[in-house]
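Every number in this text was worked out from the coordinates using simple rules, so none of it is lab data. Owing to the predicted nature of the structure, the values given are computational and were not obtained by experimental measurement. Backbone-built Cβ (ideal geometry, glycine too); neighbour counts: all protein chains shown.
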Amino acid sequence: MARPTSRHSRPGRTLLVLLALILAMGGTMLLQKAYTPKLGLDLAGGTTVTLSPVTLNNASPPEEILDRAVNIIRDRVNGTGISDAEVAKSGDNIIISIPGVGQNEAIKLVATTAELRFRQVLAAEATQVPQELATNAPSPSASPSATGASPTPSGKQSSAKPTATQSAGAPKPTTSPTGKALSSALTAPTPSASGSPQPSATPSAEGKKQESKKGQDAKSTPTASPSAQASTPPAQDPNAGINTEGIDPAVLAQYNKLNCADPKNRGQGVQDDPNKQYAACQDDGSFKYVLDVAKVVGTDIDTASAGIPQGRSEWSVQLDFKSKGAGAWGDLTTKAYNAQPPRNQVAVVLDGVVITAPNIISPIPGGRAEITGNFTQASATQLAEQLKYGALPLKFNRSSVDTVSSTLGQDQLRGGLIAGLIGLVLVVLYCLLYYRGLGIVAVLSLVVATIITYTSVVVLGHNANFRLSLPHIIGLVVSIGITADSFIVYFERIRDEMKEGRRSLRAAVEVAWVRARRTILIADAVMFIAAIVLYFLAVGGVAGFAFAMGLTTLIDIVVVFLFTKPFIALLAKMKFFAKGHPLSGLDAERMSETGTAARTTTPQEA
């Protein structure tokens, strides 16, 4: 077999690339003012949340449903980043351990049911809300999918919400040419003079005389005048103006008694039965609704994402339905489109509260929908993540929220760091005693690997929520051996080339690299594949160990290719190494003692 030939290399440029990489990562740390890594639950403490399932009949939930809830919560937690959070099942309860103190957002994310219902509106009424709420919190607009609904002449989706003047006793709103729901105040006919006589606002002179003439009789006779009788309105039917067709009487009675102005009555977190009609409030308390059974539920959603649609400035949440959900969504929007207001609205209900109730102005058979409503980037992203990672099949109550101390973890960390330091010192001593001058390259390679590893952990912590825990520490300590193994393979190959090929050091460095890098890449590839498989099949601390091992394997490749090899190429130009000084580790006497042994220990490299 033909022997590899040496190639002209430019070690200076390669080292500059490595320097640029280190400076870029260091600059990122400075710009973000992140100088220390984030710590995991066992090192920095955190919060443990115990969730207890709640079922409609108070029975124990089926095992498969509880397992599905565990998987969904785990996906949600991992969706926030590499946080090293743990989700475990204990009996019928689910225990979630979240690193850090005061993780209210994460607790809210994993504990909410996020069960989305799409229900047709059967009745709607504006409620009295506090003045500051009405002025400071404008009612959100809502629209179906831009691909399924046609816009109004102004280019925006028409609002389906009743106006503030609508009441239960008011006439049913009519639909304007643009599809907007108008209140009775805008559509009522102008009163005519031919109806029943109305009292004049300015009495005439003759009327005044008659009124004064009858004053004495009015004092002696306690008979109410017509105007006095008109001031006492007759009792109104609470269902006046409401199309009660198809509405469950019990739900209608609940709707009439519902006071959405009081936040306690809005039903936040209520587990509504999707197979029954439901009386619900708007999330800001401005409207109350009678809602039909849910035709589409959260499990029918395929994906959800947050963003700003092109040509608009407000944040929204886009939904894509599964094949079954797409058909049900098309049927629901078609039914609402053919109905009269307010039944041409479809309410989006999340955890028992109406987020928005869009006016369907055309059927939407495409299986896509869009939720808008004065979202901020944070609220839109949070809702999209809740829906993206699935709707929990159960409602959970937080039975306990405890703070976890890091005392035990700190003691273990101290012991782990001491063990890692002892191992590092032993590796350095071995390299200096056995390889002498080349041992300096090994020590500097470990230093460069440490710098890249530290900066990577810090940057990942502040950008991907990576938290350093004890399993990660173990993986990083193991990486010392991975890095040391790589440059040992290279050193031994250089010695073999110089002994057998009678080459100069500069030529041996290049020829040995061609064969050594193959062995290094194969070994690192096997290690990286093992880390990937372990990461996706394991959970908790084992997955953390696998992530650290995979990260350090990639760093080892970077160090060997961008530092070890080019640095040795530079040292080969120095007389100290080129002439084989006894302290260089490349002297003739040492190579004659180790050449044969080195050759027989790595036969697969030939």
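What does the highest-first list of 532-545, 22-35 look like by mean Cβ count within 10 Å?
532-545, 22-35
Contour minus end-to-end for VAL425 and THR303, with contour as 0.36 nm per residue of separation and end-to-end as the Cα-Cα distance?
On the way: separation 122, 0.36 × 122 = 43.92 nm, distance 5.13 nm.
That pair, VAL425 and THR303, stretches by 38.8 nm at full extension.
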Exercise for the section: Within region 517-590, report the trypsin sites (Lys or Arg not before Pro) that DSSP leaves as loop and that have at most 15 other Cβ atoms within 10 Å. Expected result: LYS573, LYS579
Completion exercise
region 532-584, convex hull of Cα, quarter of hull surface, nm² -> 5.1 nm²
Handout entry: Additional length obtainable on full extension of the chain from ALA339 to VAL17, 0.36 nm per residue less Cα span
Key = 109.2 nm
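Taking the highest mean first, how do the peptides 462-470, 61-69 order by number of other beta carbon atoms within 10 angstrom per residue?
Numbers: 462-470: 20.7, 61-69: 14.4.
In descending order of packing, they fall as 462-470, 61-69.
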Exercise for the section: Show the residues, 5+ positions off or on another chain, whose built amide H is closer than 5 Å to the amide H of GLU125. Expected result: LYS288
Exercise for the section: Mind checking the full-extension length gain between ASP402 and VAL54? Use 0.36 nm per residue of separation minus the Cα-Cα distance, one decimal, nm. Expected result: 123.2 nm
Problem - For region 316-330, 3J(HN,Hα) per residue [Karplus equation, 6.51 cos²θ - 1.76 cosθ + 1.60, θ = phi - 60°, Hz, x = Gly/Pro] - result: 8, 10, 9, 10, 10, 8, 5, 4, 5, x, 5, x, 5, 5, x
Handout entry: Note, ³J(HN,Hα) from phi for region 438-455, Karplus 6.51, -1.76, 1.60, rounded to Hz, x at Gly and Pro
Key = 5, x, 5, 4, 5, 5, 5, 4, 5, 5, 5, 4, 5, 4, 5, 5, 5, 5
